[in-house]
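The values are calculated or read from the model by the stated rules, or taken from the named source; none is laboratory data. Quick caveat: nothing in here was measured; it's all calculated off a predicted structure. Here Cβ is always computed from backbone atoms with ideal geometry, including for glycine, and neighbour counts include all displayed protein chains. Note: areas computed on protein heavy atoms with side chains; ligands, DNA, RNA excluded. Shrake-Rupley method; radii C 1.70, N 1.55, O 1.52, S 1.80 Å.
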Amino acid sequence: MGCTELTCILCPQGCQLTVAGRDGEWTIAGNACARGEGYALSEATDPRRVVTATIAVTGAVIPRLPVRTAGAVPKGCVLPLVRELHRLTRSAPVRLGEIILPDALGTGVAVVASRSLPAG
């Protein structure tokens, strides 16, 4: 893999991390705490992201509903998931936390409504 530089986002300190890996052995430097080490290892081996987007809504006071994944999905799924969400249309009313897509791209992570949206 070589050497990668990251900025840790788990606390306000924003440590500058260096991650190097070879044959399954990882070296992480620059972290001020164990959380930074875990973040760096996760980013190097299985990067994941929470996805936020909007979907079309019919019969509501506004035409778009903000949604998000209930957890992080593999980074490679972000763009395909956003494309799938772009094709979705939902009818109002929708409640905050309501499941919009139960198993996003087979990841086991649900997409939920980020706000309530009454019919209007």
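For the range 1-92, what is the convex hull volume of the alpha-carbon atoms per residue, in Å³?
On the way: hull volume 10.6 nm³, N = 92.
Spread over its residues, the Cα hull of the range 1-92 gives 115 Å³ apiece.
List the residues, sorted by chain then number, that are 5 or more residues from ARG90 or on another chain and whose placed amide H is less than 5 Å from its amide H.
Distant-sequence amide H within range of ARG90: ALA56, VAL57, THR58.
What longest region of the chain stays clear of trypsin sites (Lys or Arg not before Pro) that DSSP places outside H, G, I, E and B and that have at most 14 other Cβ atoms within 10 Å? Don't skip to the end; give the middle numbers.
Working: sites that count: ARG95, ARG115.
In short, 1-94.
Grab the DSSP H runs of the chain that are 4 residues or longer, score each as -39,500 (n - 2.57), total them, divide by all residues and round the 222 nm result to the nearest 500 deg cm²/dmol.
Working: 2 runs with 22 residues, N = 120.
Calculated from helices alone, the mean residue ellipticity at 222 nm is -5500 deg cm²/dmol.
For the range 2-120, what is the accessible area per residue in Å², given a 1.4 Å probe and the full set of protein chains?
On the way: 7020 Å² over 119 residues.
The answer is 59 Å² per residue.
How would the range 1-47 be classified by its alpha-carbon gyration tensor: rounded, prolate or oblate, with rounded meaning a/c under 1.5 and the a/b versus b/c comparison settling the rest?
Details: a/c = 2.03, a/b = 1.84, b/c = 1.11.
Verdict is prolate for the range 1-47.
Dipole of the chain, Cα-centred, from +1 at each Lys and Arg C-beta and -1 at each Asp and Glu C-beta, to the nearest 20 debye? The partial results should precede the final answer.
Details: 12 positive and 9 negative charges, 134 e Å.
Magnitude of the dipole: close to 640 debye.
Out of residues 5 or more away from VAL51 or on other chains, whose amide H comes under 5 Å of its own, with H placed 1.01 Å from N in the peptide plane?
THR69, VAL73
Just to confirm a number: summing +1 for Lys and Arg and -1 for Asp and Glu over residues other than VAL94 whose beta-carbon lies under 14 angstrom from that of VAL94, what do you get? Please report the intermediate quantities before stating the final value.
Numbers: positive: ARG64, ARG68, ARG90, ARG95, ARG115; negative: GLU98.
Neighbour charge sum, excluding VAL94 itself: +4.
Ordering ILE55, ILE9, ILE62, ILE28 by how much accessible area each has at a 1.4 Å probe, largest first, what is the list?
Sorted by accessible area, descending: ILE9, ILE62, ILE28, ILE55.
Can you tell me which of GLY24, GLY36, GLY108 moves the most in a GNM of the chain? Springs connect C-alpha atoms under 10 Å apart.
Highest fluctuation of the listed residues: GLY24.
Would you mind checking the tilt of helix 78-87 against the longest principal axis of the Cα atoms of the chain, expressed as 0 to 90 degrees and rounded to 10?
The two axes meet at around 0 degrees.
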